[in-house]
Amino acid sequence: MASVSVSHLILFIASLIVAGSVAGTLMTGVDRLGSAIEDESLDVSKQVRTDIEVISDSGSAVYDTNNEGNITLYVKNTGSRNLPPDGTGLDVLVDGQYATDTSLTLLDGDWDTGDVVELQISTTLSPGDHRVKLIMGGDEEVFHFRT
């Protein structure tokens, strides 16, 4: 009888040790998961608060208006957060090609909510239909025009 009690006691102690180590491992994993979810929620919140609109008229001349071969677009910050006034984070694609020669001119001081900027894109376009895609903080805007 005593041998049964001793073996049960050994099994009980071993199961407590295993349960404790599993619980410690699970707590570490849950803590890491919680931190990752918190970080992701901050990124999603930033994306949700970012919104831009191209307010240029696609029927008017937006290309080569000053004989310099530029596309001139007016972009309004319609989101709830202020955007970098230097255009950091703004990706520009013209007809599917990444445009690197771009400049942003602030028209209303900073690029706060409701403010408009003038975007100049230096490129050479042939006559026909074209599109400019702007990507800022997860928000994408497409502007179609004809030269």
Handout entry: Candidate set: segment 119-147, residues that are under 15 Å from ASN77 (Cα atoms) and among the charged types (D, E, K, R); chosen: the one modelled with the lowest pLDDT
Key = ASP139
Exercise for the section: Please tell me if ASP57 is touching a Lys or Arg at 6+ places or on another chain (Cβ under 8 Å) and more than 29 Å from GLU40 (Cβ to Cβ). Expected result: no
Practice task
Assess whether ASN77 counts as being touching a strand residue (DSSP E or B) at 6+ places or on another chain (Cβ under 6 Å), of a type in the set (S, T, N, Q) and farther than 19 Å from ASP51 by Cα.
Solution key: no
Exercise for the section: Tell me, please, whether a residue that is in a strand (DSSP E or B) and surrounded by fewer than 12 Cβ atoms within 10 Å (Cβ to Cβ) can be found in segment 108-124. Expected result: no
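The values are calculated or read from the model by the stated rules, or taken from the named source; none is laboratory data. Remember, it's a predicted structure, so these values are computed and weren't measured experimentally. Here the Cβ is made from the backbone with ideal geometry for all residues, glycine too, and neighbour counts use every protein chain on show.
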